[in-house]
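Chemist: Here you go, one structure.
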Amino acid sequence: MMLLRTLASLCVLAAAAFAVPAQEKRIHHQADLSDHAHDDSDGFQYDHEAFLGKEEAKTFDQLTPEESKDKLAKIVERIDMDKDGYISHAELHYWIKHRQRRYIEENVNKHWKDYDKNQDGKIGWEEYKNTTYGYYLDEEFDDLDNKATYKSMLTRDERRFKRADRDADGIATREEFTAFLHPEEYDHMKDVVVQETVEDIDKNGDGKIDLAEYIGDMYTSEDAGGEPDWVQTEKKHFSEFRDANKDGHLDADEVAHWILPGEVDHTDNEAKHLIYETDTDKVDPPHLEPCASTVHVAPTQRRPRSTIDLNATMFTMLENIQHVWALSI
């Protein structure tokens, strides 16, 4: 019951938050890898946070140079998942993506114990439904004032759960449950994100979004102070950009282009950047050689033997930028 009331509270808070322009509340942008500008000539904080994640970067800033070097050596070994002595672009891309998704993993971990009642490492639909909606299910939500809202929430949750449950066994693994809680992060869940958005905004139930519904989602004429300038801008955006086929409505494809825009893959670019900066002779992939307390990025056997001592390089950069890394792998 507490979880159900929490969901209701979140709905109220979401409605209050929706008093901002649509581009701020509906569009799912990729999270920035760092709050800092990516300008190596002005420091390496961007790479530092992109590689470690923002919170872990703060922890590293408190370490001594020796502690930082030791911990970095261990991290580099973890990145080399196939243990072939090389860091490939794919491995580095996966690592950066993983670090940037930690907040999602922490959110999933926070909810996992609430729903995995039998502690079998999976969450069944019945477990989730009973934990979230409880005894109200038997009463068909008759005791609740906003009965229709809760019925709609249950229907939406079940549909989203089934889409996240890729093997259709009615049970969510941790990865499937992550897709359920954060559908915007998964390609196979994006049509659900679009459908839920249309349902939120489509007040007349025709399955499309017209201009009045689009504007009404973020602004009502009852608001004091008159219509702000950004409303006119949004009306123009609707007619000139959002409504691609100019039929006066946004269909599912047009909504998808609006809320899930194709963007530059910052993780991919950062992985390429770090490898490029490390691979000084630009031949073959970087090669890792764990040696006692050091880790080298070395060339393959087909090029001259000139290794880059990663830890020594990092130590020099630590001195130059006063304990803020330049993480060039």
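Chemist: Mark the label point 7 Å from the Cα of E227 along Cα→Cβ and return the residues of the range 173-209 whose backbone N is within less than 13 Å of it.
Modeler: Of the residues in the range 173-209, none has backbone N under 13 Å from the label point off E227.
Chemist: May I ask you to derive the FRET efficiency for K117 and D200 from their Cβ-Cβ distance with R0 = 41 Å, giving the value to the nearest 0.05? Mind dumping the intermediate values first?
Modeler: Details: r = 30 Å, r/R0 = 0.74.
Here the calculated transfer efficiency is 0.85.
Chemist: Between H98 and L181, 0.36 nm times their residue separation minus their Cα-Cα distance comes to what?
Modeler: Working: separation 83, 0.36 × 83 = 29.88 nm, distance 1.68 nm.
That works out to 28.2 nm of additional length.
Chemist: Are there GluC sites (Glu not before Pro) in the range 162-249 that DSSP marks as loop and that have at most 14 other Cβ atoms within 10 Å, and which are they? All intermediate terms of the calculation are to be shown ahead of the outcome.
Modeler: On the way: sites: E175, E176, E184, E185, E196, E199, E213, E222, E234, E240; in loops: E222.
Answer in residue order: E222.
Chemist: Another question, if that's okay. Go through the range 169-174 residue by residue and turn each phi into a ³J(HN,Hα) via Karplus (6.51, -1.76, 1.60, θ = phi - 60°); whole Hz please, and just put x for glycine and proline.
Modeler: Those phi angles translate into 9, x, 10, 9, 6, 4 Hz.
Chemist: Checking the cross-link filter: which lysines have an alpha carbon closer than 23 Å to that of K97, excluding same-chain neighbours under 8 positions apart?
Modeler: Counting by Cα, and skipping residues close in sequence, K97 has these lysines nearby: K54, K58, K69, K71, K74, K83, K110, K190, K272.
Chemist: Let me ask you something else. Among L274, L211, what's the order by accessible area (1.4 angstrom probe), most exposed first? All intermediate terms of the calculation are to be shown ahead of the outcome.
Modeler: Numbers: L274 0, L211 65 Å².
My answer, sorted largest first, is L211, L274.
The values are calculated or read from the model by the stated rules, or taken from the named source; none is laboratory data. Predicted, not measured: the structure shown is a model, and the values here were computed from it. Reconstructed Cβ throughout: ideal geometry from the backbone, glycine too, with neighbour counts over all protein chains shown. Only protein heavy atoms, including side chains, enter the accessible area calculation; ligands, DNA and RNA are left aside. Shrake-Rupley method; radii C 1.70, N 1.55, O 1.52, S 1.80 Å.
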